[in-house]
Amino acid sequence: MAFELPPLPYDYAALEPTIDEATMKLHHDKHHQAYVTNLNGAVEKHAELGKKTPEELIKNLDSVPEDVRTVVRNNGGGHVNHTMFWQIMTPQGGGNPTGNIGGQIQSDFGGFEDFKKAFNDAAAKQFGSGWGWLVWKGGKLAITTTPNQDNPMMQGLYPILGNDVWEHAYYLKYNNRRPEYLAAWWNVVNWAEVNKRFEQAKK
Ligand code: MN
């Protein structure tokens, strides 16, 4: 298989009580696996796609054969998005942002509380399925959202962090209360990993 599901970097129950074990099992083993399986299905039709990284595929969708372009967009996006998502969370997470990203959030949003409010508002308003993102744009931090499994890389932007607002990410525990999930999610954010991605975004 060209692409593989990366193992979770912690136990399914490790992010309790913020994210429950059943949600993590379904989300990783079923949803993320399905994106990987479907992406491999596209590679079966066009073997050359398997020589690229998932990031290369979604950054250059115009070069993907038309008959599998939507499949690659949705499932390549899903694979890249979730691979990031597991990494930017940790059971030792939360608290105030550390390092350079902490300073940049202070500069660009006036503080962590103001940043969280702006991010959570944007993500709450994303109609239907999608993601909320923090990106580096024009020399400063910016908040954006995408529908479905689209990734900011599709618009030439590198995502520093992103939160999944598909119902599968929160519905078992939070039901229809997406804002409650968004508020709690910061308790598991892995600021060390977010700092690594911030350095990558500035390159
Ligand atoms: Mn998801």
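The values are calculated or read from the model by the stated rules, or taken from the named source; none is laboratory data. As the structure is a computational prediction, the values presented were derived from the model and not from experiment. Here the Cβ positions follow ideal geometry from the backbone for every residue, glycine too, while neighbour counts run over all protein chains shown.
Values as computed for the structure displayed
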{"read-out": "Qualifying positions in region 172-190 - basic (Lys, Arg) and outside any helix (DSSP H, G or I)", "value": "Arg177"}
{"read-out": "Considering residues of region 45-83 that are under 18 Å from Asp164 (Cβ atoms) and in contact with an Asp or Glu (Cβ under 9 Å, 6 or more places away or on another chain) only, the residue surrounded by the fewest Cβ atoms within 10 Å (Cβ to Cβ)", "value": "Asn74"}
{"read-out": "Whichever residue in region 147-181 is within 16 Å of the ligand (Cβ to nearest atom) and of a type in the set (Ser, Thr, Tyr) and, among such residues, is nearest to Leu61 (Cα to Cα)", "value": "Tyr170"}
{"read-out": "Only listed residue being surrounded by fewer than 16 Cβ atoms within 10 Å (Cβ to Cβ) and assigned by TED's automatic domain parsing to the domain that holds Glu193, chosen from Glu113, Glu4", "value": "Glu113"}
{"read-out": "Residues of region 45-59 classified as hydrophobic (A, V, I, L, M, F, W, C) and within 16 Å of the ligand (Cβ to nearest atom), total", "value": "1"}
{"read-out": "Options Leu141, Leu182: the member that is surrounded by 15 or more Cβ atoms within 10 Å (Cβ to Cβ), without any contact (Cβ under 8 Å) to a residue 60 or more places away in the chain and more than 13 Å from the chain's Cα centre (by Cα)", "value": "Leu141"}
{"read-out": "Tally of residues being within 16 Å of the ligand (Cβ to nearest atom) and under 23 Å from Arg69 (Cβ atoms) across region 1-12", "value": "1"}
{"read-out": "Selected residue (criterion: surrounded by the fewest Cβ atoms within 10 Å (Cβ to Cβ)) from residues of region 13-44 that are closer than 22 Å to Thr90 by Cβ and more than 15 Å from the ligand (Cβ to nearest atom)", "value": "Pro17"}
{"read-out": "Answer from Gly99, Gly128 - the residue that is modelled with pLDDT of 95 or more, within 14 Å of the ligand (Cβ to nearest atom) and not hydrophobic (A, V, I, L, M, F, W, C)", "value": "Gly128"}
